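The values are calculated or read from the model by the stated rules, or taken from the named source; none is laboratory data. Small disclaimer: the values here were computed from a predicted structure and weren't measured. Cβ sites come from the backbone with ideal geometry, for glycine too, and all protein chains shown count toward neighbours.
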Amino acid sequence: MFTHEQIWRGIDRLAAHAQTSPSGLARRAGLDSTTFNPSKRVSADGSKLRWPSTESLTKALSAANLGFADFAALVSGESQTRSLPALDLADGDRAGAFDAIGLPTGAGWHRVPFPDLGDQTAYALTVEGGAMLPLYRPGDRLIIAPDERPRPGDRVMVKTRDGGISGWELGRHTVQDVTLKPLNPSGPERIVKLADIAWIARIVWASQ
């Protein structure tokens, strides 16, 4: 059984994992920004302990792309992390960074710690430049899961046969082509023939 202090410490650690503050984590989860503030952890007169609701905790975990087992590890201080291959997005355009099915290969990759996603093929790309503003900013780290089949509405990284790699929202998908919606609202949609695409991989998490 976890104590009141341990649960709130776990939420603080969850926010730190997501590279934000408790109020930032709450906003990212679609909650009131004060939901996880220290003032919410006890009653106004200090006589009663307040606990986070199951709903708010579930939303926070979803926003951080972690499960309850990972949260329990944060609460207890036990690490359930592994390291992921990582690369700057601009370097992903170079020849030899990925194999034919979109998995990291070759020199230039380093490793960063990240909680175990249960996906042994996941990797990290660090955003450079403003092509994905305002959604993703320079320095944001995107976690890519090649084994997760993307669906319309998912945010994805797409590598074309000509070597370019870029972020999109996946639109209509047919047996001949795919519609790619821009992450930057000012950009145009693209309809790309599947024959011109090397691979498409889902973005499952982003540090912002």
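Remarks
- Given (1) touching a residue at least 24 places away in the same chain (Cβ under 8 Å); (2) closer than 27 Å to R137 by Cα; (3) in contact with a helix residue (DSSP H, G or I) (Cβ under 7 Å, 6 or more places away or on another chain), index of the condition G108 fails: (1)
- Extreme residue, modelled with the lowest pLDDT, among residues of the stretch 82-136 that are polar (S, T, N, Q) and within 26 Å of A72 (Cβ to Cβ): S83
- Pairs where the first residue, in the stretch 151-171, is free of Cβ contacts under 8 Å to residues at least 40 places away in the same chain and more than 17 Å from N184 (Cβ to Cβ) and the second is among the basic types (K, R) and in a strand (DSSP E or B), C-beta under 8 Å, 6+ apart: P152/R172
- Of note, A15 satisfies the criterion of being at pLDDT below 90, within 27 Å of L142 (Cα to Cα) and in contact with a Gly (Cβ under 9 Å, 6 or more places away or on another chain).
- In the set (1) within 16 Å of the chain's Cα centre (by Cα); (2) modelled with pLDDT of 90 or more, the condition left unmet by P188 is number (1).
- Looking only at residues of the stretch 160-177 that are at pLDDT 95 or above and within 13 Å of D196 (Cβ to Cβ), we find that the one that is surrounded by the most Cβ atoms within 10 Å (Cβ to Cβ) is D177.
- Hey, A44 surrounded by fewer than 19 Cβ atoms within 10 Å (Cβ to Cβ), assigned to a loop (DSSP other than H, G, I, E, B), assigned by TED's automatic domain parsing to the domain that holds L125 and more than 20 Å from the chain's Cα centre (by Cα) or not: no
- Hey, A201 in a strand (DSSP E or B), among the small types (G, A, S), surrounded by 17 or more Cβ atoms within 10 Å (Cβ to Cβ) and modelled with pLDDT of 95 or more or not: yes
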